[in-house]
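**Q** My structure is below; once you've seen it, I'll send some questions.
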């Protein structure tokens, strides 16, 4: 009988602990500053607005590298002149570059782009998934100028983790496309 009472007392003592409360999952909050833009200075056949968070570095043949140090990301832009017979091959190469990621990407939606005021026409590709590049675009006036661009991060691609930065940079690229002008 003493053992039974001792067992019940121990059971009551252990059972009177506070209930365990499971903490809710935390959400990572990444706040990026509101972009402020200025006109690019490249002395090339085109210009566009650049986010103040990016550093612009001119590369060979009027190419540009926009580096975002806080996100460890870069947008690589290349420029080519359109000649009499090479527009088809430039378009094919730009589309092929975007769709080289289709084995890894979960989807690649296209968004047609047209700005008649600046005489720019092109396509913006959102590359979703763990691909090496998360965005690709091209712009042309169909007569003289052709620009392509790709977004890359300096980290191993993990789309879920990169998603907030990808959204921010896609908006930035769309602004670049909207403000691109030929000289």
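Read-outs throughout are calculated quantities, based only on the coordinates presented, and are distinct from any laboratory measurement. Note that the structure is predicted; figures quoted are calculated from it, not measured. Glycine also receives a Cβ, built like all others from the backbone with ideal geometry; neighbour counts cover every protein chain displayed.
**Q** Quickly run through segment 145-183 and pick out the residues that are assigned to a strand (DSSP E or B) and under 15 Å from residue 78 (Cβ atoms).
**A** Listed by number, the residues that qualify are 145, 146, 147, 148, 149, 150, 151, 152.
**Q** Got a number for residues in segment 100-151 being surrounded by fewer than 15 Cβ atoms within 10 Å (Cβ to Cβ), within 23 Å of residue 88 (Cα to Cα) and out of contact with any helix residue (DSSP H, G or I) (no Cβ under 9 Å at 6 or more places or on another chain)?
**A** 6
**Q** Where in segment 53-144 are the strands (runs of 3 or more DSSP E), entirely inside, with at least 1 residues that are without any contact (Cβ under 8 Å) to a residue 24 or more places away in the chain and at negative phi?
**A** 55-58, 64-68, 105-107, 110-115, 120-126
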